[in-house]
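The values are calculated or read from the model by the stated rules, or taken from the named source; none is laboratory data. Note that the coordinates shown come from a computational prediction; the quantities given were computed from them, not determined experimentally. Note that we place each Cβ from the backbone using ideal geometry, even for glycine, and neighbour counts take in every protein chain shown. All accessible areas refer to the heavy atoms of the entire protein, side chains included, with ligands and DNA or RNA removed. Shrake-Rupley method; radii C 1.70, N 1.55, O 1.52, S 1.80 Å.
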Amino acid sequence: MAVPIPKAQTISQPYIVAKMLEAAAIAKSDRVLEIGAGSGYLAALAAKLGREVCALERHEALVQRARSRLRHLGCRNVDVRHGDGTAGWPEGGEFDVILVSAARAQTPAVLKAQLAPSGRLLIPLGDPTVYSG
């Protein structure tokens with residue numbers, strides 16, 4: 001089941017996170033962008049698989065908690081920042097994998113633009129109000 005975290009957010013069910021990571025097929029050389037970092041759970045797992053993880057979270061309080069947790073876990077290849085994930089990573093660049101936690105009606109064009117030519121983008125598409133609390 002989904003696990004509640006502060007700011008009325010949840011960590012996706014562990015089997016959903018596992019399915020996302022399996023579908024993403026993250027390689028050791030991959031640069032990963034995560035939209036919706038929450039607690040840092042998915043970022044920590046992706047950090048063990050890939051070269052670098054850049055994670056965005058819209059709630060500043062969750063950013064601070066995720067940074068602290070990731071430091072404690074020794075995840076040195078993760079950068080968690082406060083920001084609007086639909087605007088992509090502030091510095092731009094290309095990502096081999098982009099993982100989005102929240103449903104969107106359509107894939108934001110900026111995320112498509114930040115995807116490497118052979119990259120993988122996983123995003124739940126549909127009516128966001130159906131999936132939100």
| query | Out of the residues in region 64-93 that are touching a strand residue (DSSP E or B) at 6+ places or on another chain (Cβ under 8 Å) and over 22 Å from residue 6 (Cα atoms), which is surrounded by the most Cβ atoms within 10 Å (Cβ to Cβ)? | reply | 88
| said: Would you confirm, using the coordinates I've provided, whether residue 90 is modelled with pLDDT under 95, at negative phi and touching a helix residue (DSSP H, G or I) at 6+ places or on another chain (Cβ under 9 Å)? | reply: no
| said: Restricting to region 1-19, count the residues that are in contact (Cβ under 8 Å) with a residue 24 or more places away in the chain, open to solvent by 80 Å² or more (accessible area, probe 1.4 Å) and either touching a strand residue (DSSP E or B) at 6+ places or on another chain (Cβ under 9 Å) or more than 25 Å from residue 82 (Cβ to Cβ) (or both). | reply: 1
| message | Out of 69, 120, 65, I need the residue that is farther than 12 Å from residue 33 by Cα and in contact with a helix residue (DSSP H, G or I) (Cβ under 8 Å, 6 or more places away or on another chain). Which one? | response | 69
| Residue ID - modelled with the lowest pLDDT, chosen from residues in region 114-127 that are part of a strand (DSSP E or B) and closer than 23 Å to residue 59 by Cα | 125
| said: Take residue 126 and tell me if it is over 15 Å from residue 53 (Cβ atoms) and open to solvent by less than 30 Å² (accessible area, probe 1.4 Å). | reply: yes
| residue 105 being out of contact with any Leu (no Cβ under 8 Å at 6 or more places or on another chain), surrounded by fewer than 17 Cβ atoms within 10 Å (Cβ to Cβ) and either over 21 Å from residue 5 (Cα atoms) or among the small types (Gly, Ala, Ser) (or both) | no
| query | Of the numbered conditions (1) modelled with pLDDT of 90 or more; (2) in contact with a Lys or Arg (Cβ under 7 Å, 6 or more places away or on another chain); (3) surrounded by fewer than 17 Cβ atoms within 10 Å (Cβ to Cβ), residue 96 satisfies every one except a single condition; which is it? | reply | (3)
| field | Qualifying positions in region 27-55 - surrounded by 23 or more Cβ atoms within 10 Å (Cβ to Cβ) and not small (Gly, Ala, Ser) | value | 32, 33, 34, 35, 42, 53, 54
